[in-house]
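This report concerns only the one structure given below.
The values are calculated or read from the model by the stated rules, or taken from the named source; none is laboratory data. Just so it is clear, the structure is predicted and the values come from calculations on it, not from any experiment. Please note: Cβ atoms are built from the backbone with ideal geometry, for glycine as well, and neighbour counts cover all protein chains shown. These accessible areas exclude ligands, DNA and RNA; they are computed on the full protein's heavy atoms, side chains included. Shrake-Rupley method; radii C 1.70, N 1.55, O 1.52, S 1.80 Å.
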Amino acid sequence: MSFSSLGLSEHLLEVLAEENYQTPYPIQKEAIPAILAGKDLLGIAKTGSGKTASYVLPILSMLPHAPRLRNRHVNVLVLVPTRELAVQVGEVFRLFISVFPQRFKSLAVYGGVSINIQMQALQGVNILIATPGRLLELVESKAVHLSSVTTLVLDEADKMLNLGFREEMNRILALLPEKRQNLLFSATLSAAIHDVTDIILHDPKLIKIEEKVEEIPLINQMAYWVSEEKKGPLLRYLIQTKDMQQVLVFCSSVQKANRVAEKLEKNGIQATPIHSKRSQHARTKALQRFKAGELRVLVATDLLARGIDIEFLPYVINYELPRSPKDFVHRIGRTGRAESPGEAISLIAPEEVTHFKVILKKMKAWVDKIDAEELDLQGY
Ligand code: AMP
């Protein structure tokens, strides 16, 4: 099956070819015709499944037929849980929007940056991607009106609920017209999600994309048994000897992420920390540089584990383990995506061994184990 048989706008087919999207992913095959037919949709799918394009493409195909809007009214609202996801979804819209002869405009808004610039930029926007809190601020200051929204997308709805956005979501829903198309995406189908879908969706098409079994072998997992004080030298040893040019390192706290990045820099390895205590500007810039291949090591807390898509990331290193096995899966899911093989390496201190075994058991994963004592870490 090709994209041309799905009923998408001709303009989009050209960009898809340029972007080397040859065949639609399973979620796209099912979601695109359903959305174009005006149906509500419940998509159970993770980042990496191609879910973003599965709603971006049909939404843009329908946009030329949408009613013209009064100023500061938007046609499409995409709610997302994090700033990073807002930026990322915004980029996908921008990429595909550029080919339309009409001048459509999309904008991503999120907290942690000046609201004034966003207020000005909201002029003439058709598609708004927003985190809930900032959206409400903008509504309150009358910078945007939601009463003309014809399509609502809730992306990573499970995370939105986990982060406590339920009340904000309800307030936003109350501002939307009753008649609209609702598209909800979630990585899991929890009881809380059931609740929300019951309220929001009307006779939805359910699409469930099972975890890609073939994705797991793409990730080659390794674990190093290492004492806490040798983790630093081992990290530098791995980066140098494996000649890693782009690696995402995970720590479990902000302080640790700062320290690890600082130590790498001191040893001549270009690194930047990224976590909730850094400004939005610094985070966006670090991520951009990393994506562009201008930054060798990004040291992150779990803030980044979900939702962020970095193409062709060959290495992920767990400097410390996350508390939950779910976060572990999200972390290593950053690598080995889109048919490019990747390596996920975990540095396990003696006090983490039991926890690591629990994680592996839950994942039903097999991992090669190496004792760092056998390596010569002198000079690293
Ligand atoms: P997502 O799950 O939306 O974060 O998408 C994961 C990655 O897959 C992104 O890098 C997309 O650019 C890429 N992608 C999505 N759909 C396709 C497709 N049909 N063919 C090739 N790449 C795709």
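First select every other residue whose beta carbon is under 12 angstrom from the beta carbon of residue 269; then total the charges, Lys and Arg +1, Asp and Glu -1.
Charge balance near residue 269 sits at +1.
How do 366-376, 100-110, 186-196 rank on mean C-beta neighbours within 10 Å, highest first?
The densest-packed peptide leads the list: 100-110, 186-196, 366-376.
Once phi is turned into θ = phi - 60°, what whole-Hz ³J(HN,Hα) does the Karplus curve with 6.51, -1.76 and 1.60 give for every residue of region 147-155, x standing for Gly and Pro?
6, 10, 5, 9, 10, 10, 10, 10, 9
Could you work out the relative contact order of the chain? I mean the mean sequence separation of Cα pairs under 8 Å and 6+ apart, divided by the number of residues, in percent.
17 percent
Going Cα to Cα from residue 105, which lysines come in below 30 Å? Please leave out same-chain ones fewer than 8 positions away.
Reachable lysines: 29, 39, 46, 51, 142, 159, 179, 205, 285, 291.
In whole Hz and in residue order, list the ³J(HN,Hα) couplings for region 251-260 that follow from phi through the Karplus curve 6.51 cos²θ - 1.76 cosθ + 1.60, θ = phi - 60°; x for Gly and Pro.
Calculated HN-Hα couplings, in order: 10, 9, 9, 4, 4, 5, 4, 4, 5, 5 Hz.
Per the Cauchy relation, a quarter of the hull surface: what is the mean projected area of the convex hull of the alpha carbons in region 3-208, in nm²?
Dividing the Cα hull surface by four gives the mean projection, 10.5 nm².
Which shape class applies to the chain: rounded if a/c is under 1.5, otherwise prolate when a/b exceeds b/c and oblate if not, where a ≥ b ≥ c are the square roots of the Cα gyration tensor eigenvalues? Walk me through the numbers before you get to the answer.
Values: a/c = 1.95, a/b = 1.75, b/c = 1.11.
Judged from the Cα gyration tensor, the chain comes out prolate (a/c at least 1.5, a/b above b/c).
Could you please report the charge total around residue 279, scoring K, R as +1 and D, E as -1 over all other residues with beta-carbon less than 14 angstrom from its beta-carbon?
+4
Relative contact order for region 3-208: what is it in percent, counting Cα pairs under 8 Å that are at least 6 residues apart?
Reported relative contact order: 29 percent.
Considering amide H positions built from the backbone, and no H for Pro or chain starts, which residues 5 or more places from residue 300, or on another chain, come under 5 Å of its amide H?
For residue 300, the qualifying residues are 249, 250, 251, 274.
Around residue 241, under 14 Å between beta carbons, what's the net of Lys plus Arg minus Asp minus Glu among the other residues?
So the environment of residue 241 carries a net charge of -2.
Please give the per residue accessible area of the chain, computed with a probe of 1.4 Å over protein heavy atoms only, in Å².
On the way: 17500 Å² over 380 residues.
Per-residue value: 46 Å².
Give the carbon-plus-sulfur fraction of the accessible surface of the chain in %, rounded to a whole number; probe 1.4 Å, heavy atoms of protein chains only.
Roughly 50 percent of what the probe reaches on the chain is carbon or sulfur.
Quote the relative contact order of region 62-140 in percent (integer), defining contacts as alpha-carbon pairs under 8 Å separated by 6+ residues. Please list the in-between numbers first.
On the way: 101 pairs, mean separation 32.7, N = 79.
It comes to 41 percent, rounded to a whole number.
Can you list residues whose amide H is under 5 Å from residue 221's amide H, if they're 5+ apart or on another chain and H is modeled 1.01 Å from N?
Long-range HN contacts for residue 221: 344, 368.
Counting Lys and Arg as +1 and Asp and Glu as -1, each charge on the Cβ, what is the dipole of the chain about the Cα centre in debye, to the nearest 20?
Working: 47 positive and 43 negative charges, 206 e Å.
Dipole magnitude for the chain comes out near 1000 debye.
Under 5 Å between amide H atoms, partner at least 5 residues away or on a different chain: which partners does residue 187 have, H built in plane at 1.01 Å?
Under 5 Å from the amide H of residue 187 lie the amide H atoms of 45, 157, 158, 159, each far enough along the sequence or on another chain.
May I ask for the angle, rounded to the nearest 10°, between helix 353-363 and the longest principal axis of the chain, with both axes built from Cα atoms and the value confined to 0 to 90°?
Approximately 40 degrees, to the nearest ten.
Can you give the angle from 0 to 90° between the axis of helix 231-241 and the longest principal axis of the chain, with both taken from C-alpha atoms, to the nearest 10?
Once rounded, one gets 80 degrees.
List, in order, the whole-Hz ³J(HN,Hα) value for each residue of region 116-122 obtained from phi through the Karplus relation with A = 6.51, B = -1.76, C = 1.60 and θ = phi - 60°; use x for Gly and Pro.
With the stated coefficients, region 116-122 comes to 4, 5, 5, 4, 5, 5, 6 Hz.
How much solvent-accessible surface does residue 363 expose, in Å² to the nearest 10, with a 1.4 Å probe and all protein chains in place?
50 Å²
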